[in-house]
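The numbers here are math on the coordinates, done by the rules we state, and not lab data. As the structure is a computational prediction, the values presented were derived from the model and not from experiment. Cβ coordinates were reconstructed from backbone atoms using ideal geometry, including for glycine residues, and neighbour counts include every protein chain displayed.
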Amino acid sequence: MKRFLSVSVCLLVTLASSRLRAEQPNILFVFSDDHAQHAISAYGSKVNQTPNIDRLANEGARFANSFVTNSICTPSRATLLTGQYSHLNGVPVFNRFDGAQDHVAKRLQSGGYHTGMIGKWHLGSDPTGFNRWIVLPGQGNYWNPTFLVPGRKLTIEGHCTDITTDLGIEFLKTRPKDKPFFLMLHQKAPHRAWEPDERNKARFKDQVIPEPDTLWDDYATRPTALPINEQTVAHDLTRRDLKLVPPTDLKGPALNKWFNEKPMELSVDGKLLIGKELAKRKYQRYMQDYLACVQGVDDGVGKMLDYLDQTNLAKNTIVIYSADNGWYLGDLGLYDKRFMYEPGLKVPLLARGPGIKAGSVPTQFVSNIDLAPTFLDLAGLQIPSSMQGRSIAPLLRGESPADWRNSVYYRYYHDPGHHNTVAHYGVRTATHKLIHYWKQDAYEMFDLIKDPTEQYNLLHLAESARKPEVAAKFEELKTEIARLQKQYSDEGRFADPASWPKTSADGPFDNFQSIGSKTVAEAIASSSEIAFPGVVK
Ligand SMILES: [Ca+2]
């Protein structure tokens, strides 16, 4: 009897443990680079259609209020892994991520997941916490990109977006079938300089893209930062961005210099374009290529979803789509990201899978600090207190926790930096936004209900700022910023550029030995511990 009981207990324990294992869902996280929320049709895009990303919205949840904490590539990726703001994870600008620190992939790996990282990494250090990784060095290239695998580098012929998708499929095909998987599939596209694949380039070549209402923004009420920015469509697109054809005799540094210049007149079909006409032309050229790159990403999402459906993996796989930062589609006259105005602050966030309510549109404020805790929660693993975000799993199930946050805190440091964007921090609530340019001690405040495109800074005119309701809101939001800085332990660690880490997320990557050109299948094999025993940590 005793023996029978003991066998039964063993059986029960085994059953319980295999059941737990079976319930751990696969997680496919598709991430893109610089994909504007308003360049997705499910989010009401006026400029393109993204039928595959829309599938995630129709079959799952689309987050209406999804934000980032620091709207540039490298800091956003460090936050994605750690669930922490830049001042805690040590990546305020384009410096290298210390892979020795605790992060979500390590925890999923030790929690029983087969983990993979494919595509744009842009954290400088070698990925840690992944069974397999194959990543671009720094930004990487669109065409015939070089990839890094543990200790080696290789070239794969073709377009980066398609290759990254194919590597993702290959990862799923070759994964161990007795474990759940966690795959971070990170597209380089649609990052500048927007070099689309041939099929989508042809598709957008002659399209006329509607201009946003604020393309001709004069920045009249926002004198601190916008008038000196260098990310305008009218003045700051280079010949490389505009895909102009160089004179045939230019070579080497002279050719590079020519590509990096910003043309202020252009001859098109025998007509000399200047001023507004030229800016309109630049907008079309930029958007055609940007949207064609987005379309490649959307094609890739479709391919991944089809594969999950065909292999019956869909029923136990949570698919999440997001981007590392927002983006300006000519809004406020801008391209690029950085500024915490709505197009830069908001990012796409969509999720589909078991337990996720189809067609739901959660409106709670979520941000990229929430992704790491969410992955752990979905996997049934403990969320460490060092992570500053909160799992959005209850929101995915359609719940409305009463104590959810009502505001988000943002901080951008990269000043001096690219595009001459002035450093700032701020808060966004359901109705208002307050931005503080701390070096100038200048503020901007917007009523997002009356002025969703942030054209009128309520503090610009003394007469307006003195109004009791404006003054009261200003005080309320300053208090809210102070509260959030305390909550998130932001004591201005990287406020002074002299305090930034001196490392770079852009290499060098000289310690990787070249193994030549490979097919996708050969490349993924090269990133496995089987191909290079002892190399993978
Ligand atoms: Ca980015």
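Remarks
- Least to most buried among Asp213, Asp403, Asp298 (fewest other Cβ within 10 Å first): Asp403, Asp213, Asp298
- Using Cβ point charges alone (K and R +1, D and E -1), the dipole size of the chain about the Cα centre works out to roughly 1380 debye.
- Assuming charge only on the beta carbon of Lys and Arg (+1) and of Asp and Glu (-1), the dipole of the stretch 314-371 about its Cα centre is about 300 debye to the nearest 20.
- Between Lys315 and Lys205, the simple label model (points 7 Å from Cα in the Cβ direction) yields a spacing of 4.6 nm.
- The distance between label points at Asp451 and Lys243 comes to 3.8 nm (points 7 Å beyond Cα on the Cα→Cβ vector).
- Whether the stretch 218-280 is rounded, prolate or oblate, judged on the alpha carbon gyration tensor where a/c under 1.5 counts as rounded: oblate
- Length released on extending from Lys502 to Ile228, taking residue separation times 0.36 nm less the Cα-Cα span: 96.0 nm
- In the chain, the DSSP beta bridges split such that about 50 percent are antiparallel, to the nearest 5.
- Mean separation of Cα contacts under 8 Å, 6 or more apart, over the residue count of the stretch 218-280: relative contact order %: 32 percent
- Scanning residues 5 or more positions from His432 or on other chains, those with amide H under 5 Å from its amide H are Leu448, with H placed 1.01 Å from N in the peptide plane.
- Cα-Cα separations in the chain greater than 34 Å, expressed as whole percent: 38 percent
- If R0 is 25 Å, the Cβ-Cβ spacing of Ala462 and Ala64 corresponds to a FRET efficiency of close to 0.10.
- Maximal additional length on extending the Thr363-Ala430 stretch stands at 23.1 nm, based on 0.36 nm per residue less the C-alpha distance.
- Helix 73-82 and the longest principal axis of the C-alpha atoms of the chain enclose an angle of approximately 30°.
- Computed over the stretch 281-419, relative contact order equals 18 percent, with contacts defined as Cα pairs under 8 Å that lie 6+ residues apart.
- Exceeding the 23 Å Cα-Cα cut-off - candidates Lys46/Lys473; Lys179/Lys315; Lys177/Lys315; Lys153/Lys303: Lys46/Lys473; Lys153/Lys303
- Exceedance of the 29 Å cut-off in Cα-Cα distance is limited, within the set Lys120/Lys346; Lys120/Lys201; Lys188/Lys439, to Lys188/Lys439.
- Each residue of the stretch 130-138 was assigned a 3J(HN,Hα) from its phi angle through the Karplus curve 6.51 cos²θ - 1.76 cosθ + 1.60 (θ = phi - 60°); the sequence is 10, 5, 9, 8, 8, 10, 6, x, x Hz, with glycine and proline shown as x.
- Straight Cα distances below 21 angstrom link Lys262 to the lysines Lys243, Lys251, Lys271, Lys276, Lys280, Lys282, Lys337, with same-chain residues fewer than 8 positions distant left out.
- Value at 222 nm in deg cm²/dmol, rounded to 500, when DSSP H runs of n ≥ 4 in the chain each add -39,500 (n - 2.57): -9500 deg cm²/dmol
- Simple spin-label estimate for Lys478 and His418 in nanometres, 7 Å along Cα-Cβ: 3.5 nm
- Maximal additional length on extending the Ser517-Ser267 stretch stands at 86.0 nm, based on 0.36 nm per residue less the C-alpha distance.
- Of all segments of the chain bounded by GluC sites (Glu not before Pro) found in a DSSP loop with no more than 13 other C-beta atoms within 10 Å, the longest spans 1-156.
- Using C-alpha pairs below 8 Å separated by at least 6 residues, the relative contact order for the chain is 25 percent.
- Under a model in which nothing but the beta-carbon of Lys, Arg (+1) and Asp, Glu (-1) is charged, the stretch 396-453 shows a dipole of about 120 debye around its Cα centre.
- For Phe67, the residues whose amide H sits under 5 Å from its own are Val347, Val366, Ser367, Asn368, ignoring neighbours fewer than 5 places away on the same chain, with H placed 1.01 Å from N.
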